[in-house]
Structures are given as C-alpha cells and as structure tokens.
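The values are calculated or read from the model by the stated rules, or taken from the named source; none is laboratory data. Here the structure is a predicted model, which means the values were calculated and not measured. Positions of Cβ are backbone-derived with ideal geometry, glycine not excepted, and every protein chain shown enters the neighbour counts. For accessibility, only protein heavy atoms count, side chains too; no ligands or nucleic acids. Shrake-Rupley method; radii C 1.70, N 1.55, O 1.52, S 1.80 Å.
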Amino acid sequence: MKIVMLGAPGAGKGTQAKMIAEKYGIPHVSTGDIFRANIKNGTDLGKEAKTYMDKGELVPDELTVRILLDRVAQEDCKNGYVLDGFPRTIPQAEVLDTELTKLGEKIDYAINVEVPDENIIKRMSGRRACLSCGATYHIEHVPPKKEGICDKCGSELVLRDDDKEETVKNRLNVYHQQTQPLIDFYNNKKVLKEVDGTVDMKDVFKAITDILG
Ligand SMILES: [Zn+2]
C-alpha cells in the first residue's frame with residue numbers, strides 16, 4: 001500500500017501519516033526526517049540540502065527526488081510506505097509516477113487532509129516551544145502547568161519564528177501555488193481521497209482507516 005499525504009503545513013498530515021504507518025506496519029517516509037538524518041550524518045546530500053534549508057528555501061526537486069527514491073528502494077518499503085512532504089510539486093509527482101511505473105508500481109491513495117487557512121493560522125500561533133529541551137506546547141490544547149514555562153526543564157517558552165502568523169501565511173501561499181495542483185493530479189489518477197482535518201485527530205484517523213480498510 002503506497003500512500004501520499006496531502007494537506008497544508010499545519011493541517012496535521014504528519015501526525016496522521018505516523019498513525020497510518022503504525023497501524024498498517026509500513027514506514028512513514030518524511031522528507032523532513034530524511035533530510036535531517038542526512039544533515040546529522042554529514043552526508044554530501046545533507047550538506048547540499050542544508051545550504052537551502054538554512055536560507056529557508058525549498059530544496060530543489062532534483063535533489064529531493066534523488067534522496068526520496070533512494071529511501072523507498074530500501075527493503076523495509078517493499079510492502080508500501082506513507083509519503084509525508086513529498087511530492088510537493090507537480091514535477092516531483094510526475095517523476096515519482098514515472099519511476100514507479102518503471103517498477104510496475106503506483107500510488108494507491110493520495111489522502112488530502114483538508115483544513116482552512118484560518119484554522120491553521122490559529123493553530124500555529126498558539127504553539128509554544130522550549131528551546132532548551134525541545135518540548136512543545138499549545139496555549140489551548142496542551143498548555144504548560146505554569147504559563148510561559150516549560151514543565152520539563154523550567155525554561156522560558158517562546159513562539160518560534162516558524163509559527164508566527166506572517167511565516168505561516170507565507171508558507172500557506174507557497175502551498176496553494178505549488179501543492180494544490182497535486183490534488184487535481186491525483187484526482188485525475190482516481191486515487192484522491194479527501195478527509196476533514198478540522199475535527200479531532202482521532203476522528204480524522206477514523207475517516208482515513210475507513211478509506212484504507
Ligand atoms: Zn524545556
């Protein structure tokens with residue numbers, strides 16, 4: 001079972017991808033994780049990717065595709081995988097499609113987790129992070145015991161630049177321009193499934209498992 005997760009940054013598709021991976025026993029392949037692993041291990045690919053990420057730019061398709069195809073060719077992916085963060089653009093989707101066709105394979109499901117922009121902006125701006133130990137909170141959903149202070153290490157909590165309204169809006173704009181056409185792409189291939197991402201995460205997952213069986 002090969003699955004592509006679609007949805008705006010902050011829609012919760014990463015969380016759903018992890019839950020799918022666990023339930024169906026297939027790897028959760030997140031481009032973010034693969035890049036971080038390569039950077040941590042100091043590979044050439046990691047160094048190359050880092051130059052873009054440091055500038056807050058998207059890693060070029062060619063580089064992303066190379067690292068992704070290498071990952072899904074590994075033994076643990078032979079029964080399927082959940083792709084999270086890839087493809088992000090039509091050219092990436094086309095390359096993936098071409099490469100899978102060569103192997104006699106295809107994407108079985110493209111699951112779009114739908115959440116309106118206003119909801120995402122609200123969700124993200126409530127996030128708080130501890131820069132000392134990495135713990136994360138949400139002022140409404142996962143508040144710390146003492147306001148503004150990390151439960152785990154007592155450090156001060158901050159609103160990361162990544163979670164600020166302006167940054168979130170910019171990311172959403174990029175998403176709508178580049179990733180939204182993927183919804184049409186997978187719809188044309190008759191594998192698109194849409195789920196309401198505004199409900200509780202357990203209910204989102206229920207809707208997904210109803211589709212996957
Ligand atoms: Zn902390």
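Looking only at residues in the stretch 188-213 that are in a helix (DSSP H, G or I) and touching a residue at least 60 places away in the same chain (Cβ under 8 Å), the one that is surrounded by the most Cβ atoms within 10 Å (Cβ to Cβ) is VAL204.
Of the numbered criteria (1) open to solvent by less than 50 Å² (accessible area, probe 1.4 Å); (2) in contact with a strand residue (DSSP E or B) (Cβ under 7 Å, 6 or more places away or on another chain); (3) at pLDDT below 95, the one ARG160 fails is (1).
In this structure, ALA17 does satisfy being at pLDDT 95 or above, surrounded by 15 or more Cβ atoms within 10 Å (Cβ to Cβ) and under 13 Å from the mean Cα position of the chain (by Cα).
Say we look at the stretch 137-156 and pick out the residues that are farther than 22 Å from LYS122 by Cα and open to solvent by less than 50 Å² (accessible area, probe 1.4 Å); which of these is farthest from the ligand (Cβ to nearest atom)? Top of the filtered list is GLY154.
Within the stretch 116-136, the set of residues being open to solvent by 20 Å² or more (accessible area, probe 1.4 Å) and away from the ligand (no atom under 16 Å from the Cβ) comprises PRO116, ASP117, GLU118, ASN119, ILE121, LYS122, ARG123, SER125. Restricting attention to the stretch 50-93 and to residues that are free of Cβ contacts under 8 Å to residues at least 24 places away in the same chain and acidic (Asp, Glu), the residue that is most open to solvent (accessible area, probe 1.4 Å) turns out to be GLU75. Taken over the stretch 36-49, residues that are surrounded by 11 or more Cβ atoms within 10 Å (Cβ to Cβ) and out of contact with any Lys or Arg (no Cβ under 8 Å at 6 or more places or on another chain) amount to 7. Of all the criteria given as (1) closer than 20 Å to LYS206 by Cβ; (2) in contact (Cβ under 8 Å) with a residue 24 or more places away in the chain; (3) under 18 Å from the mean Cα position of the chain (by Cα), the one not satisfied by GLU22 is (2).
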